[in-house]
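What follows draws every value from the coordinates through simple rules; no lab data is involved. Just so we're clear, the structure is a prediction, and the values are computed from it rather than from any experiment. Reconstructed Cβ throughout: ideal geometry from the backbone, glycine too, with neighbour counts over all protein chains shown.
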Amino acid sequence: MHGVRSTADQAVALARELMAFQQRQGRIHDVQDDPRFQHRGVDLLWDLPPEGGDGGGRVLGVEVKGDRNGRRGNYFLELISNLEKDTPGCFLYSTADLVLYAFVREREVHQLPLGPLREWFLPRAKQFPTARTRTRTGASHYTTVGALVPVREVQKAVSGAARWRRSDRGEWGLKSVR
């Protein structure tokens, strides 16, 4: 579990950096360990200031996904969280507004609006292969199943999707989709 947590921690750290870069006046609340948000598939709350100075701002729910295999060029969209317990994957049940998908080795964070991503993916779900990952937790393990969906396809098709990369100097910049 240590390797998984390490990747998750790195992903959250990258996501927080990007959020702070995008909205310096916004506040980020970590709710990963809050049971009220765990069952909703929300890791962070992003409290954005009001636009134009009138009225209150808005709060976005953010799901953070960490991936060590960015060079493969796919997102792993979690369809079954725990195969042994038959629990649905976060991609299907999350109430988040936004997925920040971090490829930790590449220092990339892909911003994916969850509603439009689901609307695009679900009618095409059978087009994509699935893969399984096993996670050890002490003496036992669990299996997660997800769809392998090409980054390029999602970035071109989903409105509002963006690809950010942090340079060696710590500067964020948009990365074009080829």
_Rounding to the nearest 10 and keeping the result within 0 to 90°, find how far the Cα-based axis of helix 2-22 lies from the longest principal axis of the chain._
20
*asked:* Using each residue's phi in the range 38-43, evaluate 6.51 cos²θ - 1.76 cosθ + 1.60 at θ = phi - 60° and report the 3J(HN,Hα) Karplus result to the nearest Hz, with x for Gly and Pro.
replied: 4, 6, 9, x, 10, 9
*GNM on the chain, C-alpha springs below 10 Å: top fluctuator among 34, 168, 67?*
168
_Listed residues 66, 138, 57, most fluctuating in the chain (Gaussian network, C-alpha, under 10 Å)_ = 138
_the range 125-131 - phi-based ³J(HN,Hα) in whole Hz, Karplus 6.51/-1.76/1.60, Gly and Pro as x_ = 3, 6, 6, 9, x, 10, 9
*When the chain is treated as a GNM, springs tying every alpha-carbon pair under 10 Å, which of 81, 94, 140 comes out with the largest mean-square fluctuation?*
140
_Just to be sure I follow: if Rg is taken over the C-alpha atoms of the chain and Rh is the Kirkwood radius over the same atoms, what is Rg/Rh?_
0.96
*asked:* Tell me which of 176, 91, 14 sits at the most positive position along the dipole axis of the chain, charges placed on C-beta atoms (Lys, Arg +1; Asp, Glu -1).
replied: 176
